[in-house]
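Participant: Dropping the structure in here first, questions after.
Bear in mind these aren't lab numbers, they're just calculated from the coordinates by the rules spelled out. Owing to the predicted nature of the structure, the values given are computational and were not obtained by experimental measurement. Cβ coordinates were reconstructed from backbone atoms using ideal geometry, including for glycine residues, and neighbour counts include every protein chain displayed.
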Amino acid sequence: MAIYELGPFRLDTQHDLLFHSGQPLAPGRRAVALLRTLVERRGTLVSKETLFDAAWPGQSVEESNMTVQIAALRRALSVAPGGDRWIETMPRRGYRYVGPVVTTQEDMLEPAPESATVPAAEAQRTGEGGQTLALPDKPSIAVLPFENLSGDPGQDYFADAMAEEIITDLSHVPSIFVVARNSTFTYKGSSPDVHRIARELGVRYVLQGSVRKADGRVRITATLIDATTGIHMWAGRFDGHLTDIFDLQDQVAARVVGTIEPRIRDAEVERARRKPATDLRAYDLVLRSRFGYDLDGDLQLLRQAVEIDPDYALALAMIAQANWASVVHHRTTPTEDELAGYVRMARDAFERAPNDPEVLIPVAPVIALAGGDLRGGTATIERACVLNRNSAEAWAVSGLLRAYAAELDIALEHLQRSRRLNPLDTSFQNLGLALAHFVSGNYDEVLNWTGDGFGRWSTTVPIMRYRAAALGLLGRYQEAAQVVGRLLALVPGLTVTRVRRHVEVEMKNPYKKTGVAEAYYEGLRRAGLPDVSRA
């Protein structure tokens with residue numbers, strides 16, 4: 001397929017991507033389809049019908065959906081002077097492209113080496129839909145899970161945590177593109193070819209390492225590889241006591257930055273580095289909770305950490321987040337006083353660490369939803385995005401909150417940015433995209449982001465609620481009944497009344513677009529969710 005050059009932009013029609021000076025932008029695949037249609041007919045009027053057929057083939061959607069996508073396109077193009085004016089509105093008729101001269105090239109992506117061919121069983125790892133991801137125009141790196149050499153499988157959490165901490169450290173350097181841990185950790189327990197990693201994650205560099213923890217001492221080894229050539233650029237070993245662990249993490253991160261971005265001086269490597277706890281026992285408990293994947297057990301560990309160190313902001317933030325997650329999944333039905341307690345804890349964490357994005361990310365939804373302060377929660381997560389522009393989770397939470405506020409062009413932009421930073425585990429982004437399209441009234445698109453193809457995420461309560469409601473509103477009652485059956489298996493006794501309480505009381509009705517909440521309830525009712533308990 002063709003690649004179109006539009007001034008400083010490159011439109012890759014094979015992979016539905018738009019680049020500016022080599023950097024991928026995130027207007028979304030619908031917007032890219034619209035842009036392609038417009039540039040192929042440059043200078044001439046393109047009717048709305050033609051554009052709908054290009055972006056929503058065979059679907060009937062509201063005109064507002066096109067308005068949202070055109071706004072996202074103009075926002076993306078606005079990074080070039082006057083770019084927001086390259087798409088001209090022809091009132092009541094359609095749009096036309098009036099930007100720079102368009103040139104066409106053959107696909108410029110080099111084929112992958114034969115030795116790096118991805119087996120069919122692993123094709124889902126090659127970005128979204130098995131596609132090769134283009135390299136950003138700045139140094140890019142993936143930190144793989146570190147190997148546990150302690151001889152004790154119970155120390156796996158510590159090795160995992162060291163890799164995550166180094167990812168976080170590197171993420172604070174704005175001139176480096178860092179892939180999220182949720183994507184890199186899909187390689188845990190395997191020995192993947194670095195060429196394949198470069199193709200799947202869209203990075204140039206890969207950091208591999210190991211951790212040995214014994215008798216109060218720690219050894220971290222690390223190797224930095226240029227994944228495009230296979231050359232080992234640097235290897236190092238760092239030894240110290242457990243009390244030195246934060247310094248060891250900083251040393252590894254600094255050596256990596258100094259190797260792949262030598263223009264950065266040591267002073268520029270200095271970050272607002274969080275020294276998470278004054279007591280290493282509390283720090284260890286938080287590490288265990290982050291890699292435990294057991295909500296009740298994790299809460300117990302976090303509470304122990306706060307008992308040891310009452311000022312531990314990250315532990316407070318994670319407790320607030322875990323309690324809120326129980327509410328969202330209908331595992332608990334808190335009183336208003338209990339909800340207020342979650343919000344107080346979130347605000348307390350914020351006040352203790354207002355410049356730590358790892359604290360701001362979990363507290364933002366609690367403030368926005370449980371606290372009924374959508375504007376304050378959005379400001380909190382935007383602060384996290386500024387402090388760590390490489391945080392896929394921060395951009396995803398921002399997109400989710402913007403979707404509630406019906407700021408759909410911004411929501412889609414932030415969610416797509418999150419997907420590029422975290423290309424292999426897009427579960428939370430999919431929830432945000434489903435929400436954004438539900439708010440816009442595009443229920444067919446909701447189904448695209450909530451299907452069974454999204455693995456474990458398709459069986460969680462929030463995504464299933466939106467899928468059931470969308471199917472109900474589309475009149476696809478048999479499919480809706482199946483989703484409701486699965487939903488009731490997860491949450492026995494769930495009713496429309498219970499969902500209404502969740503929206504109106506527990507979330508303070510965050511939908512700022514009139515009619516969205518009522519459409520949500522009506523969709524669930526049509527899907528077959530009981531109004532009240534049948535017990």
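Participant: Treat each spin label as a single point 7 Å out from the Cα along the C-beta direction, and report the Ser47 to Ser78 distance in nm.
Facilitator: Each label point is offset 7 Å from its Cα along the Cβ direction, giving 3.1 nm.
Participant: Run the dipole for the range 310-427 about the Cα centre, Lys and Arg Cβ at +1, Asp and Glu Cβ at -1, nothing else charged, and hand back the magnitude in debye, nearest 20. All intermediate terms of the calculation are to be shown ahead of the outcome.
Facilitator: Details: 11 positive and 15 negative charges, 63 e Å.
Taking the Cα centre of the range 310-427 as origin, the dipole is about 300 debye.
Participant: In whole Å, what three semi-axes, largest first, describe the equivalent ellipsoid of the chain built from its Cα gyration tensor (square root of 5 times each eigenvalue)? All intermediate terms of the calculation are to be shown ahead of the outcome.
Facilitator: Values: eigenvalues 272, 215, 84 Å².
After diagonalising the Cα gyration tensor, the semi-axes are 37, 33, 20 Å.
Participant: May I pose another question? Determine the gain in length on full extension of the stretch Thr89-Ser190; use 0.36 nm per residue of separation and subtract their C-alpha separation, reporting nm with one decimal.
Facilitator: 31.2 nm
Participant: How large is the helix-only mean residue ellipticity at 222 nm for the chain, computed as the sum of -39500 (n - 2.57) over DSSP H runs with n ≥ 4, divided by its residue count, in deg cm²/dmol to the nearest 500?
Facilitator: Helix-only estimate at 222 nm: -14500 deg cm²/dmol.
Participant: Using a basic spin-label model with each label point 7 Å from the Cα along Cα→Cβ, how many nm lie between Gln478 and Ser427?
Facilitator: So the label points at Gln478 and Ser427 sit 3.1 nm apart.
Participant: Set the Förster distance to 45 Å, then compute FRET efficiency between Asp337 and Asp247 from the Cβ-Cβ distance, nearest 0.05.
Facilitator: Working: r = 43 Å, r/R0 = 0.95.
Efficiency, from the Cβ-Cβ distance: 0.60.
Participant: Given R₀ = 60 Å, FRET efficiency for Arg344-Asp226 by Cβ-Cβ distance, to 0.05?
Facilitator: 0.80
Participant: Using Cα pairs closer than 8 Å and at least 6 residues apart in sequence, work out the relative contact order for the chain, in percent. Write down the numbers at each step before the final one.
Facilitator: Working: 950 pairs, mean separation 56.5, N = 535.
So the answer I get is 11 percent.
Participant: Note down the magnitude of the dipole of the range 361-435 about its Cα centre, charges +1 on Lys and Arg C-beta and -1 on Asp and Glu C-beta and zero elsewhere, to the nearest 20 debye.
Facilitator: Working: 7 positive and 7 negative charges, 30 e Å.
Roughly 140 debye for the range 361-435.
Participant: Compute the convex hull volume of the Cα atoms of the range 484-532, divide it by the residue count, and report the result per residue in Å³ as a whole number.
Facilitator: Convex hull volume per residue, Cα atoms: 70 Å³.
Participant: Work from the charge dipole of the chain (Cβ charges, +1 for Lys and Arg, -1 for Asp and Glu, about the Cα centre) and give the residue of Ala282, Val218, Leu299 farthest towards its positive end.
Facilitator: It is Leu299.
Participant: Under the Karplus relation 6.51 cos²θ - 1.76 cosθ + 1.60, θ = phi - 60°, what is the ordered set of whole-Hz ³J(HN,Hα) values for the range 359-374, x standing for Gly and Pro?
Facilitator: 8, 5, 4, x, 7, 4, x, 5, 5, 5, 9, 4, x, x, 10, 4
Participant: Also: At a Förster distance of 60 Å, what's the computed FRET efficiency of Arg281 paired with Asp531, Cβ-Cβ distance as r, to 0.05?
Facilitator: E(calc), rounded to 0.05, equals 0.75.
Participant: Dipole size in debye (nearest 20) for the chain around its Cα centre, Lys and Arg Cβ +1, Asp and Glu Cβ -1?
Facilitator: The dipole magnitude comes to about 1160 debye.
Participant: Say the cut-off is 29 Å between C-alpha atoms; which of Lys188/Lys508; Lys138/Lys513; Lys188/Lys213 go over it?
Facilitator: Exceeds cut-off: Lys188/Lys508; Lys138/Lys513.
Participant: While we're on this one: Between Thr460 and Ala406, what length in nm is gained on full extension when 0.36 nm per residue of separation is reduced by their alpha carbon distance?
Facilitator: 17.1 nm
Participant: On to the next question. On each of the three principal axes of the Cα atoms of the range 167-220, give max minus min coordinate, whole Å, ordered largest first.
Facilitator: Rounded to whole Å, the extents work out to 40, 29, 17 Å.
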